[in-house]
Amino acid sequence: MIAEWSEFRALVLPYAAALIEPGPLVTIHAVYPTAGFRTFVRAIHAVIEPAGPGAHYLFDNLSHLAEVWISDIALGNFYRLTCPRLWQMETVTYFAIRRARHSDRGLGPVLRTNPVHARYRAGG
């Protein structure tokens, strides 16, 4: 469990919420993709806008979105709609994704939109 963050405001999808304790600088928002794509995107943006510039965000693994929505295209569209706004607001945002599980329609928008990529391979 991560106990302290300095200058951190977080949007955490429900599955990663167990990693972080809420506190004066950390706000956890449980936003569930099972409500549907449009509802989910609106809920995420409703959290991003009032937090304002300079916020930090931690999202659950985005691959879960494609599993829930049964669509790599929806995953790509979510990223394409959300990441540019986070960039404009000068946020620091962590998204994880399982690269090998997605078509170019899901992974492509992530790779083309994201200004920084880090690759991590479990087990070496």
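Just so you know, all these numbers are worked out from the coordinates, no wet-lab data involved. Just so we're clear, the structure is a prediction, and the values are computed from it rather than from any experiment. Cβ atoms come from the backbone with ideal geometry, glycine included; neighbour counts cover every protein chain shown.
Using a cutoff of 8 angstrom between alpha carbon atoms and counting only pairs six or more residues apart, the relative contact order for the range 14-113 works out to 30 percent. List the residues of the range 45-75 whose backbone N lies under 20 Å from a point placed 7 Å from the Cα of residue 27 along the Cα-to-Cβ direction. Counting backbone N atoms under 20 Å from the label point, the list is 45-60. Identify the residues of the range 30-52 with backbone N under 11 Å of a label point that sits 7 angstrom from the Cα of residue 81 along the Cα-to-Cβ direction, or state none. Output list for this probe position: 36-46.
Residues whose amide H lies under 5 Å from that of residue 20, counting only those 5 or more places away or on a different chain, are 2; hydrogens are built 1.01 Å from N in the peptide plane. The value given for the range 14-113 is a Kirkwood hydrodynamic radius of 14.0 Å, derived from the mean inverse Cα-Cα separation.
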